[in-house]
Each structure stands twice: as structure tokens, then as C-alpha cells.
Amino acid sequence: MNLLDQAVSKAASNKRIDFNESLSLLNEADTLLLGGLANKKRFMLHPQPVVTFVIDRNINYTNVCVSGCLFCAFYRPVKHKEAYVISKKELKLKIDEAISLGGTQILLQGGMNPCLDLDYYIDLLQYIKNNFPIHIHGFSPPEIAFIAEKSSISVNETLKKLIDAGLDSIPGGGAEILVDEIRKKISPGKCNSDMWIEVMRSAHTLGLKTTATMMFGHIESSEHIIEHLLKIRELQDKTYGFTAFIPWTFQPENTKINRVETATAVEYLRVLAVSRLVLDNIPNLQASWVTQGDKIAQTALAFGANDLGSTMIEENVVAAAGVNFRLPQKEMERLIKNAGFESVQRDCFYNYINRVVAI
């Protein structure tokens, strides 16, 4: 039996696949075969024909960042005329609107702003918690590592202070590709892969649930993608703190990475399917309609995804790279129904909130 046949056999039998088997599937397996294997795995984890989504708002509290990521079209340097830190008045308007639209959480992220100290973040969290009944899914590992370093305290102590102030969970942003030879080229100012993992390990140890992401389709290789997935799987084996994994494709417009073509829809679906097969210990896989659009996101539901993510009342980072897909709640529900699933609103921890009446 050759390596590919071995990998297919193990995946079909619900057995864990290793690096070489995962790589063989990604590089060599037929696309529809990959989708079928991932779909089978999805139904082993989630036997009911349900696809979930969450209503939230992505609030970027600042666009000032010193990371220097080549793939980011959103950030502005200190003192740039378009640089901002959100005011509490604007923050209140955004959260009030999110709640009025049925929002149950906010995704709170920003740049690595050298003008903000730990007290700013504590005050921000306390203000939200004291004024709004909403879950705060906030601050990616690079942000937390940056805050800790600037405050001259440990990541663990930083997390404790943020949790005490109201932080409820952490998004998996800033992972890009968890291979340092790639990170040094595309995000030279961000924490390295070991620190990203350490922030997540510390968060999980403190009882804070998180998601994990991967941005691909830039300068990485297939080997780097599999290495990234295995690092996530290894930490999950130890902590079981990841609730979901979200792979998404690099969007090149307005960025400093010289790549004319983006990853194709087929490439996205293949990576999504392999992610479902490799990450056998992460319960949920989210489709990225924000970068792929509605039809490919719908197709992703046959390639291992069981969640369509957020209705995204607001999204700025991907939009800054020239991608402006929108997916209102009713349209999301229709796509799920037409794919043969029941649409269910969830919270950040994947608890069901509201089963949607058939459209």
C-alpha cells in the first residue's frame, strides 16, 4: 500500500494521520475524495444535520500597529492621519447596535499600539462589562504577548488581569502560519510561533476557551500548512481549550506581499478538508465566507465545515484588502437550509441559542 492509499484508509477508518500522511492527502488526493472523507469525519463529530452561526460584531478598537505585517492593509503607523483609538461613545453605539440585531458577543481586536498600556485594556473591558450584557471574545495572542512585554509582566499574569476585567474568550488571530521562517518574512514584528502557542496554553490553563486560525495562500508551502495544523493538534491534546478552527485565504489587494493570484476556491476546500481530518480533537470547523463568498462557504459544508461563523455586522480588516462579501442572517439561514441542514444560532462556546424556523 502506498502512502496516499494508507492515508485515505486511515482517514476513512477514523484513525489519526501523521505528518507524511496529511501531506500526501493535501498534495495528491482527489478533491472530491478529500471532501467525502472530511464530510464523514464531520458527521462522526456532529451526527445531527445542523450548521451553526453566531451573531456578533467585529470591533477594531485601534488600527495603530507596529507589527509591520506585509499582508495587512488595515493598520496605520503611529501619528498617521487615519490612525485612531475608538472612543467610548463610538464603542457604545457599535455595541448597542449589535445587541439590537440579536448579537450575543463582540470580537474585540486591534493592532499592537505602543501608545496603549495595560490600564487601557482593563478599563476597556470593565467599561463594556459594566454597561452591556455581552460576551467579549477579544485580543489575539500577538496582542496579549505585546501587552505583556510592554507591561514587563508574564503572559500568564497579563491574562489573569484581563480575565478579571471581563475577558471571556480569545480569538485565534495572529497565527498566520505557525512556522517561524514564514512569520519572520510576513509578520516580522509579531510574536513567534512558540509564543503564540504559549499564550493559548496559558489561556487554556486558566480556563479561557479560544479558537485557532490559519491564513494560507501567500508564501507558505504545503509542508508549512501541515506543520501548523500539527502544532494546533498537539496543544489541543494537552489542553482541549480550542473550540474551533478557522482556515482562511490571504487577500493580496493593498498589501505588501507581491502575489497577483489568490488561492483558488478548490485550494481552499482542499485545505479545509485536510484540516478537518488532521484536527481530530477540535470539535468545530468554520467556513470562511468572509474571504470565499457565499457559494464556496455553502460548498464548504460538504468539505468538513459545520459552522458558518459570524454574520459579521461589521468587518474591517479583510475589507481593507479589497474583499467585501456580505452575508445577512436571513441569507445565511437560506444557504444552510438549501445545503440540506438545519440552521441554529449559537454562542461563543457552541451552545445552541435559537433553532431557526424553516424559511
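I'd like to know if segment 119-131 contains one or more residues that are surrounded by 15 or more Cβ atoms within 10 Å (Cβ to Cβ), touching a helix residue (DSSP H, G or I) at 6+ places or on another chain (Cβ under 9 Å) and part of a loop (DSSP other than H, G, I, E, B). Checking segment 119-131: not a single residue is surrounded by 15 or more Cβ atoms within 10 Å (Cβ to Cβ), touching a helix residue (DSSP H, G or I) at 6+ places or on another chain (Cβ under 9 Å) and part of a loop (DSSP other than H, G, I, E, B).
Once segment 193-220 is narrowed to residues that are assigned to a loop (DSSP other than H, G, I, E, B) and at pLDDT 95 or above, the residue that is surrounded by the fewest Cβ atoms within 10 Å (Cβ to Cβ) is Gly207. All conditions but one from (1) hydroxyl-bearing (Ser, Thr, Tyr); (2) in contact with a Pro (Cβ under 7 Å, 6 or more places away or on another chain); (3) within 17 Å of Gly111 (Cα to Cα) apply to Ser187; the one that does not is (2). One residue stands out among those in segment 260-286 that are of a type in the set (S, T, N, Q) and farther than 18 Å from Ile232 by Cβ: the one that is surrounded by the most Cβ atoms within 10 Å (Cβ to Cβ), which is Thr262. For the criterion of being over 27 Å from Val274 (Cα atoms), at pLDDT 95 or above and within 17 Å of the chain's Cα centre (by Cα), Asp168 passes.
Out of curiosity, is Ser169 touching a residue at least 60 places away in the same chain (Cβ under 8 Å), more than 25 Å from Asp119 (Cβ to Cβ) and hydroxyl-bearing (Ser, Thr, Tyr)? No: the conditions fail for Ser169. If you go through segment 333-359 and keep only what is modelled with pLDDT under 90, in a loop (DSSP other than H, G, I, E, B) and either under 29 Å from Ile170 (Cβ atoms) or of a type in the set (Phe, Trp, Tyr) (or both), you end up with just Val356. Hey, could you check segment 132-164 for residues that are of a type in the set (Gly, Ala, Ser) and part of a loop (DSSP other than H, G, I, E, B) and say which is surrounded by the most Cβ atoms within 10 Å (Cβ to Cβ)? Here the answer is Ser140. None of Thr52, Thr62 is modelled with pLDDT of 95 or more, in contact with a strand residue (DSSP E or B) (Cβ under 6 Å, 6 or more places away or on another chain) and crowded, with 19+ Cβ neighbours inside 10 Å except Thr52.
Here is a yes/no grid of residues against (1) in a helix (DSSP H, G or I); (2) crowded, with 17+ Cβ neighbours inside 10 Å:
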| position | (1), (2) |
| --- | --- |
| Met1 | no, no |
| Gly35 | yes, yes |
| Met44 | yes, no |
| His80 | no, no |
| Ala83 | no, yes |
| Ile99 | yes, no |
| Leu108 | no, yes |
| Leu116 | no, yes |
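The values are calculated or read from the model by the stated rules, or taken from the named source; none is laboratory data. Note that this is a predicted model, so its numbers are computed, not measured. Cβ sites come from the backbone with ideal geometry, for glycine too, and all protein chains shown count toward neighbours.
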